[in-house]
Structures are given as C-alpha cells and as structure tokens.
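Everything on this sheet refers to the single structure shown next.
The values are calculated or read from the model by the stated rules, or taken from the named source; none is laboratory data. Since this is a predicted model, take the numbers as computed values, not measurements. Here the Cβ positions follow ideal geometry from the backbone for every residue, glycine too, while neighbour counts run over all protein chains shown.
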Protein chains: 2
Amino acid sequence: MELLERAHELEAQGFDVLHMEVGEPDFPVAAPIIEAAKVALQRGLTQYTSATGLPELRSAVADYYNKLGVKVRAEQVVITSGASGGLMLLAAALLNPGDLLQVTDPGYPCNDVFAEAVGASVVRVPVSAQTAFQPTLKDLQARWSEKVRGVLLASPANPTGTMIARSAMEELCAGLPDDAFLIVDEIYQGLVGEQPEYRTALSVSSRPIILQSFSKYFGMTGWRLGWLVLPDELVDGVRRLAQNLFICPPTVSQYAALAAFSPGAMEEHERRRRIFRERTLRLAEGLNALGLTVPALPDGAFYLYSDVSAAGLPASAFSRRLLEEFHIAATPGLDFGEYQNERFVRFACTVDLGVIDEVLSRLKAAVSRFQAS
Amino acid sequence: MELLERAHELEAQGFDVLHMEVGEPDFPVAAPIIEAAKVALQRGLTQYTSATGLPELRSAVADYYNKLGVKVRAEQVVITSGASGGLMLLAAALLNPGDLLQVTDPGYPCNDVFAEAVGASVVRVPVSAQTAFQPTLKDLQARWSEKVRGVLLASPANPTGTMIARSAMEELCAGLPDDAFLIVDEIYQGLVGEQPEYRTALSVSSRPIILQSFSKYFGMTGWRLGWLVLPDELVDGVRRLAQNLFICPPTVSQYAALAAFSPGAMEEHERRRRIFRERTLRLAEGLNALGLTVPALPDGAFYLYSDVSAAGLPASAFSRRLLEEFHIAATPGLDFGEYQNERFVRFACTVDLGVIDEVLSRLKAAVSRFQAS
C-alpha cells in the first residue's frame, strides 16, 4: 500500500509511472454482463436474494463445471460476496480459536487475516522454485501438528502463477489426514495457458473445497461476487453462516453474472485469457534475458515472480529504487511472506504489450545501474 | 426460516398468505438511484474502489450527518458491504476469542453469530416493555463482567422499533466504563415518526460507534451497502481489516448510493417514511383493539412487537396456527431471544394499508377461535 501511495505521488508530480503492481484485469467488463446488469436494474431486481445466491446462478456455476467434465450439483454451489466473502465463510465454518491453517509462503497475504479474524492462525509452509512454489505432501506433513485443521492452497497461485501439478494434487488429496480440510483457491482458474494439466482441482479429486471468484477470468472485480463448491456435509452450515453474516451477495451483480457464462461473454473471456498469456510469456522471456530470472514459468494468472538477486540488491530495495528512479511499480516479495522474500519481486501483466516492452527497456537500464552501484 | 418455507408451501397450494414477516421495504428503489447505477455501468465504473469506499460517498455520508446538525468528517466514515459487512469489521476489530459482547434480548438474532465468528460470545441483557425494550445503564451494569468488551444496541431496534431515550443514551455514554465500546445500530435511522427525540445517537454524544445501512431508509437492500462512523483511533485498524477481508464494497452500488442523497431521492425516502409510519400506527391501533397489545409503541422502523398472550397461546403456537389456519406469516419471539419469547410476535409493516386491514380482520377471527379452543 505504501508503494501504491508513493506511485500516486510520483504520478501527481508528472512522472509516467508504469503500474506492474495491479492485481486487477485491465479490460472493461464484457458487454453482455453490463447489459444483463442494466436489464436487472430496469426490472427492479434489486431485492435480497436467497443467502446462497440465485438458484439459476448456482445452476449456471454447476453447468460451468459440468462442461469441464466435472460433476457438480447446484446444491453444492454457494454464491458469495466475492471470494473474500467465501473465504470468510470457510474460516468461520472450519476454524475455531487456537486452530491452525496451513498456507504457502509465498502466498496471498490476506489469508492470514481471515484466519486471525476467527481467532485461528496460519502456519506458513515455505515453497521454492524447486517445486514450482507449490508444496508437496511431505512439505505439509513436515509442518503438521495437532492443531492444524486443514490447508489452503492456490492453483494458479498468487504471486507465482503456478499450479499444483496433477500428481501432487492427487498425492495431497489421498495423503492428507481424513479429518483435515483442503481448500483450493481457484480464483485464477480459467486464466491459464493452452494445455493446463487440469482445468479444476475437482477434475483430479472430489475432495477439495473450491474457492472461486468472478473477478479474474470473468473480469468482474468491483461486483464483489464469487462462489464456493462444497462437499454436501458443509452446505447447511455454510448456508446458515451466510444468512447471518452476509444476508445475501449483491443482487444486481448476481443477475449480471448469469450473462458471464453466455457464449458471447465466454468468447470475450477466452480472448482475454490468450492476451494475458501472451503478455506473461513476453515479460517472462524479457526478464529471463535480463537475468531477472523467472525460475518457475507460471501456468496461469497474470503474475511473474522474478528473482532479482542478480541486480545485486535485496528485493525491497530493488522495488523501491525501481519506482523512484525508473518509475515502475512492482510488488516486493515481502508482501507475500517471509521465505526468500528479499529475492523476489512480483510483476502483474495487467498492462498491454507496449507497456511491457517499455518496462523491459527501463528494467535493462535499472539492472545496469543497480549492478554498477 | 421454517416459517418462511411453510408460507411458500401454502402459497404453492393456492392460499393467499399475508406476509407480515418480511424485514425488507416493499417499495422499488428510488428512480435517481437506479439511474445513477445505469450511468456507472455505462461508464464502465465497475473496478475495485478504495477499501473504505469512494471518497465522494464518504463525503456524502458526512454531509448527511452535518445536515442533521452533527459534525462528522469524511475520514471517520467507512463504506461497508452492507451493515453486515460493517458489523463483521467491528467484531474483528473489537473482539478477541473469549471476549463478551452485551446485546439486548430481544434483539437482532444475527448479532450472536458475528460475535461467535470471531470466537467471542454475547451476554443477553433482558429488556421489557417497562423500559420500551431498551436497557438502562443499570441493566448493563448488572450483567457486566471482566470479559465484557462493549455493548451493541439498536435504535430504532428490531424487533420492537423502539429508540433508546435521549436521557438513557446520555446516561449510557457517560456511565459505561471508559475502555468499553458502545456500538449503536442505526440501521433503521431515518425511518421514524414526526418528532423523534434525536435523529442520530451522534447528536447525543460523540461516543457511539455507528453501524448504518443503505437498506432500510434508502431502500437499497440487495445492493449490500452500509457504513460505519468511527472514532478517529479506530479508522486505521478498520481500514486494514476492510482491505484484507472485503477488498472493497460493491462498486456500482456505491455510485448508485451517491444519488440516494439527492433531493429527488430524499423526497421519495421521506414519502416512504411517512407511509411506513402510517401503516405502523394503523396496525398498532388495530392490534391494541384486539387485545394483542403493543406495549411499547415503536418510535421507528416498521415493526410491531405484539403481546399475544391474551389469545391464550404461547407465541410460537400462535404464530404457527396463524399461518396454518389464517394464512398470516408473522415472526414468533423465539427468533429474537429467550426473554419473554413466548409472549411476543413481530409484525413487519412491509405491506400496504389494504393488507394491514385484511390482517386485522383475519386476526380478529383468529383471536376468537384461539380463545375458544
């Protein structure tokens, strides 16, 4: 957040800051979604809905999985107020004060706050480039203890964009204790390369609890809409919590999201997926050429986790000087955990190819200067 | 919820069920709000906003208080994902595992779940008609203990519609321990009679933390938007929690809500306020005439808490038979707490006067039949 404030200050001073820190797609929302929202407004469809969301939207989500070859019933789907709302429901349903939740380091920094909000806390499991920044069953077992209730992993992950390999996912689903939960954050599901090993963790096993969002692949960030796919035995408890803690997800967003699965919108989402992929690969190639190595090429999302140690600076200093001297905002590893956090910087490809080329050109100058100093 | 399901079953069988259980205004959203939402969609204003909400909306909320003669600065206002989101933020900010929160019995049933979600729990303070279902300082002191961190009161309250008297509010603000918090749920603020003793608790004292909503007076239920007015020292902590737990409130709802304060929308809200008041008084008069006494005439909201003991049945049986035999859905006291919960039934005046007259006519028959059996 300090970085963002400083970036805005520099912009206010007239500098052309290149924003590589933004975790929000840079495309406008697909037209059919906007149209559906307008129709809902016109029809006055703005009342409370059922706490678990519009039945037709739950069905549409189930269909989305069915088309991926995975059997999901509408009753297992709970529409939430963003993936944030979904994670709050899961934390409240699955964790009690004193409980522990395993997360990866690096990982999405807000996860800790959800655990802490319900009186639990996280156990950070360090993951490195050797395993594409994803944990193996052994890594989790090594940090297991009496108080660990379950695991929250992301695939594709933030800040690395890497997916859990199919074999690793199979191993986790088979090998974790029976009474432990396994949440797979698939917020970036869909935003992947051409041949992902699997489309959703549910195609590997029915065990994972899925945390999803309309924000990334579907581009609906400010609409605050996501969903959960739950095992049957969790649905009642989560519904009760949703009724009490949220009343319902935003209504107009729900009607709009029905159109997110329409052929027209899906075509647009696929077009954007390809663009994100092209940008990510272009930046990865450029970073590697500059020695700012991307040790695990992302499978998806729009992030690159780049090892900046060749520049001769800790990542936090690299990031600070990059902003001050070269007007590029990128997020230092510190924001994603403790493990190797002074080696890595995250670049978000939420800018077009022209900006990425300009970023690479400035980075080249930056690396020369930093190495010389 | 069972009541609601049964009501829908009866409707499916062709019965004309009168819905006196619905806590949602029955008016369409005021036209300027809908128009503002459409303009936001047209302009593509659907990205994430700042976690505390659009600066211009925070200012508009501050202005709303300034017009009521209360000094509030935009920096104290945090826009939330419904009052539900606001209450979650307050629970996470103010309560730790093992802490206690005082609430009234009867009161809003979801409050308990927010406390429990963060590992705390509630202490129910019984309130009766003698004090218009609001606690005195002495009532709270009598149930105080080491572990109590603060109090959550509602004014006007659900299920009774009563406000905390000005003198009682003064006493509470002066007399509660200095390190205790006092949250005043003003979700029904604005929906009051012609001459309320005060318009907001902030006009009595700067002490209360205010929990507010765009759902009731402003009629924006499914938009999931509310706000908090915080003392300065809480703002930073709540903002950090909001960033992590919510990212931001729904964006289109925020742009729409800017129009909720426009003269045209305010005129419409005032018109509705008068209609709710007329309905409430009409039903209260009728209930009193039938011996289903409303012992504390509501100051606001659209609820009546009616003592049905004259009908000779516990409130839960009264409510069940009323639905089965007379097709009126009304919420039994059980849903709002434990104290005297078999004496009271809540009627929500979210139906027009014609329905209220029909409700009274059916109630007359019901009372005769119940008394005879």
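Remarks
- When B:Thr52 is tested against (1) touching a strand residue (DSSP E or B) at 6+ places or on another chain (Cβ under 6 Å); (2) at the interface with chain A (Cβ under 8 Å from one of its Cβ atoms), just one condition goes unmet, and that condition is (2).
- Filtering A:Leu334, A:Leu323, A:Leu313 for residues that are surrounded by 20 or more Cβ atoms within 10 Å (Cβ to Cβ) and not in a loop (DSSP other than H, G, I, E, B) leaves a single hit, A:Leu323.
- Restricted to region A:86-110, and to residues there that are crowded, with 23+ Cβ neighbours inside 10 Å and touching a Pro at 6+ places or on another chain (Cβ under 7 Å), the residue that is nearest to A:Val148 (Cα to Cα) is A:Thr104.
- Of the candidates A:Ala12, A:Ala30, A:Ala37, the single residue that is out of contact with any Cys (no Cβ under 9 Å at 6 or more places or on another chain), more than 10 Å from chain B (Cβ to nearest Cβ) and crowded, with 20+ Cβ neighbours inside 10 Å is A:Ala30.
- Any hit, region A:118-125, residues being hydrophobic (A, V, I, L, M, F, W, C) and either more than 14 Å from every other protein chain (Cβ to nearest Cβ) or more than 30 Å from B:Arg240 (Cα to Cα) (or both): yes
- Within region A:79-91, the set of residues being more than 9 Å from every other protein chain (Cβ to nearest Cβ) and more than 21 Å from B:Leu225 (Cβ to Cβ) comprises just one member, A:Leu90.
- Some residue of region B:212-226 being basic (Lys, Arg) and crowded, with 24+ Cβ neighbours inside 10 Å: yes
- Close pairs (8 angstrom Cβ cut-off, 6 or more residues apart or separate chains): assigned by TED's automatic domain parsing to the domain that holds B:Val252 and in a loop (DSSP other than H, G, I, E, B) in region B:47-70, aromatic (Phe, Trp, Tyr) and surrounded by 15 or more Cβ atoms within 10 Å (Cβ to Cβ) anywhere: B:Ala51/B:Phe246; B:Gly53/B:Trp227; B:Leu54/B:Tyr255
- Members of region B:15-25 found to be in contact with a Ser or Thr (Cβ under 7 Å, 6 or more places away or on another chain) and more than 12 Å from chain A (Cβ to nearest Cβ), listed by number: B:Glu21
Per-residue answers, yes or no, for (1) touching a Lys or Arg at 6+ places or on another chain (Cβ under 6 Å); (2) closer than 25 Å to B:Gly193 by Cβ; (3) assigned to a helix (DSSP H, G or I); (4) within 14 Å of chain A (Cβ to nearest Cβ):
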| residue | (1), (2), (3), (4) |
| --- | --- |
| B:Val252 | no, no, yes, yes |
| B:Ala259 | no, no, yes, yes |
| B:Met266 | no, yes, yes, no |
| B:Arg271 | no, yes, yes, no |
| B:Ile275 | no, yes, yes, no |
| B:Leu281 | no, yes, yes, no |
| B:Gly286 | no, yes, yes, no |
| B:Gly291 | no, yes, no, no |
| B:Tyr305 | yes, yes, no, no |
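- Residues (of a type in the set (A, V, I, L, M) and loosely packed, with under 13 Cβ neighbours inside 10 Å) located in region A:128-149: A:Ala142
- Single unsatisfied condition, B:Gln47 versus (1) within 14 Å of chain A (Cβ to nearest Cβ); (2) more than 30 Å from A:Leu45 (Cβ to Cβ); (3) surrounded by fewer than 23 Cβ atoms within 10 Å (Cβ to Cβ): (2)
- Residues of region A:1-27 satisfying the condition of being without any contact (Cβ under 8 Å) to a residue 24 or more places away in the chain and in a loop (DSSP other than H, G, I, E, B): A:Met1, A:Gln13, A:Gly14
- Restricted to region B:233-250, and to residues there that are surrounded by fewer than 20 Cβ atoms within 10 Å (Cβ to Cβ) and in contact (Cβ under 8 Å) with a residue 60 or more places away in the chain, the residue that is nearest to the other protein chains (Cβ to nearest Cβ) is B:Gln243.
- Residue identified as in contact with a strand residue (DSSP E or B) (Cβ under 6 Å, 6 or more places away or on another chain) and over 29 Å from B:Phe347 (Cβ atoms) among B:Val39, B:Val77, B:Val103: B:Val77
- Within region B:299-321, considering residues that are of a type in the set (A, V, I, L, M) and touching a helix residue (DSSP H, G or I) at 6+ places or on another chain (Cβ under 6 Å), the one nearest to B:Ile187 (Cα to Cα): B:Leu304
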